[in-house]
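The values are calculated or read from the model by the stated rules, or taken from the named source; none is laboratory data. None of these values were measured; they are calculated from a predicted model. With ideal geometry, Cβ positions are generated from the backbone for all residues, glycine too; neighbour counts draw on all protein chains shown.
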Amino acid sequence: MPKQKHYFSCINCGAEYHDMEFMYLCPACAAENTSDMPPKGVLKTLYDFSAIKNQYGSKLKDEISPLFMPLLPIEKAESFGPLFMQNTPLMKSEGEDFELYLKDDSRMPTFSFKDRASFLVSAWAKEQGIDTIVAASTGNAGSSLAGVCASHGQKAIICVPATAPKAKLTQILMYGAQIVPVDGTYDDAFDLSVAMTEKFGIFNRNTAYNPFTIEGKKTVAFELFKQMNFSAPNRIFVSSGDGVILSGVYKGFEDLLILGLISKMPHIISVQAEGSNNIIRNLFEDAYNFIPSKTIADSISVDLPRNFYMALDFLTRYKGEGISVSDEEILAAGKELTSKNGVFAEPAATAAYAGFLKQKSSGAIQKGEKVVVLLTGSGLKDINAVQSMIEIPKPVNAEDFLKTFEI
Ligand SMILES: [Zn+2]
């Protein structure tokens, strides 16, 4: 029997690492990494799928959930702690000739999808007796880790670009985490947090660098599988920055595909901001080209996508697609999403809805398709970004107002 139920496989060189409790990057590939390219050596976490299939047989589909231990590098469900939640709402939107579902992860405990990764990283740390975790973040991953650590009595250290939205910085501090604002970009914050891990050995939650972030994020696929009556949707729109949520969604469905629980990978569309599209601009290209990012959607504003190679691998193997949307389209989509459905999501999340609107108007979505738009963060986390879309009326005199008011 292997000592560990999980093992790691390098996305670049394919090397497998068995009987390792934990690793960051594949050492062989990481040795060649340079600061001007996305990191090579990100690891995929794998399991003995045929043993799982044999063990559960026809009962397997009923067992699938974000707490299905055989597909997680965790020993006990209790390790997820008091803040853990699963099965965020999947709401059917009205008025389309296909089925549109909004998966609302803004209702996670710290109001973003990032909780899925934080739950797993924090639970694993708890099982190992690790009490301090560091992370770099544009804001959501940091506030998520801070919240989850607070619930576990762990210390969180969060490196953020000093320009991160105030609501996210406030959240991090209120959760009692130590914040390190970096005079620079997310990429600079990322490098600082890795240096803290290398120098002081602090456990690191950085997205993709820590392979369990992808394992945590894959749980959304398990929930969708259950919520859609043990099937996969036809089409999923995912906002992408680093490519980790995208890879997580793919990884979850890939696990289900390998286990024979679904017969086909959903068509997944990676939606990026026009000013930060470093994954999809390089899709199907031989030579890669990265541009400095500039977008109002701060959570997906990334110069060097940290899970670039895995995202590209998934999109290529499963014939996924990339769509760029402008900041104007993101804001307009956010307004429509919110006023039509009562769901207030941040611009980084409404980018996915903007991608959906683009495909809808081009006629790409077929009648009867089941379509999911993944909403990854609350609008209350970044209200400044949407100020240009609204005008708060001036105060009124009540008497005058009532005289002239008409329904
Ligand atoms: Zn490698």
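Numbers for the structure displayed
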| item | result |
| --- | --- |
| Flag if PRO82 is away from the ligand (no atom under 14 Å from the Cβ), in contact (Cβ under 8 Å) with a residue 12 or more places away in the chain and within 17 Å of ALA125 (Cα to Cα) | yes |
| Failed item in (1) away from the ligand (no atom under 16 Å from the Cβ); (2) in contact with a Lys or Arg (Cβ under 6 Å, 6 or more places away or on another chain); (3) assigned to a loop (DSSP other than H, G, I, E, B), with LYS3 passing the rest | (2) |
| Flag for PRO109 being within 30 Å of ILE365 (Cβ to Cβ), touching a helix residue (DSSP H, G or I) at 6+ places or on another chain (Cβ under 9 Å), surrounded by fewer than 18 Cβ atoms within 10 Å (Cβ to Cβ) and not basic (Lys, Arg) | no |
| Hits in segment 32-59 - residues which are within 16 Å of the ligand (Cβ to nearest atom) and β-branched (Val, Ile, Thr) | THR34, VAL42, THR45 |
| Flag if SER65 is surrounded by 14 or more Cβ atoms within 10 Å (Cβ to Cβ), modelled with pLDDT under 95 and closer than 21 Å to GLN227 by Cα | no |
| Segment 24-47 residues that are among the small types (Gly, Ala, Ser), paired with ones that are more than 9 Å from the ligand (Cβ to nearest atom) (beta carbon under 8 Å, 6 or more apart) | ALA30/TYR24; ALA30/PRO39; SER35/ASP191; GLY41/ASN33 |
| Residue that is nearest to LYS218 (Cα to Cα) [pool: residues in segment 32-55 that are in a helix (DSSP H, G or I) and of a type outside the set (Ser, Thr, Tyr)] | PHE49 |
| Subset tally (residues that are within 23 Å of ASP242 (Cβ to Cβ) and charged (D, E, K, R)) for segment 305-362 | 9 |
| Members of segment 8-31 found to be near the ligand (Cβ under 9 Å from one of its atoms) and either in a loop (DSSP other than H, G, I, E, B) or at positive phi (or both), listed by number | ILE11, ASN12, CYS13, GLY14, ALA15, LEU25, CYS26 |
| Single residue of segment 60-69 satisfying the filter (among the aliphatic types (A, V, I, L, M) and assigned to a helix (DSSP H, G or I)) that is nearest to the ligand (Cβ to nearest atom) | MET69 |
